[in-house]
Amino acid sequence: MPRDGSGIYHRPVGTDAVPDTTIESSKYNNNVADVETDLNTPRPIVAGGTGATTADGALTAMGGEKAK
């Protein structure tokens, strides 16, 4: 999971590149999968999102009300 319990994103261990070395496919694929999961998961409020997957859910999360 790309986010910790506080909703903050952290790079997976082992994804920092080392100059002049060959990229290890398993580390690269792990990073790509991690980013994919993060981009397809509702963004928490602490990270600039609403934590919701719908417009109504976002409105509720932000404490808003619908106008007539």
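The values are calculated or read from the model by the stated rules, or taken from the named source; none is laboratory data. These numbers come from a predicted model, not from an experiment. Here the Cβ positions follow ideal geometry from the backbone for every residue, glycine too, while neighbour counts run over all protein chains shown.
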Seminar exercise, completed: Picked from region 35-67 (must be in a helix (DSSP H, G or I), at pLDDT 85 or above and among the acidic types (Asp, Glu)), the residue farthest from HIS10 (Cα to Cα) is ASP56
For this session: Take VAL18 and decide whether it is surrounded by fewer than 11 Cβ atoms within 10 Å (Cβ to Cβ) and at pLDDT below 80.
Result: no
Problem set entry | Identity of the residue in region 27-68, hydroxyl-bearing (Ser, Thr, Tyr) and within 11 Å of the chain's Cα centre (by Cα), that ends up surrounded by the fewest Cβ atoms within 10 Å (Cβ to Cβ) | THR37
Exercise. Based on what the data block shows, is ILE8 touching a helix residue (DSSP H, G or I) at 6+ places or on another chain (Cβ under 8 Å), surrounded by 12 or more Cβ atoms within 10 Å (Cβ to Cβ) and at pLDDT below 85?
Worked result: no
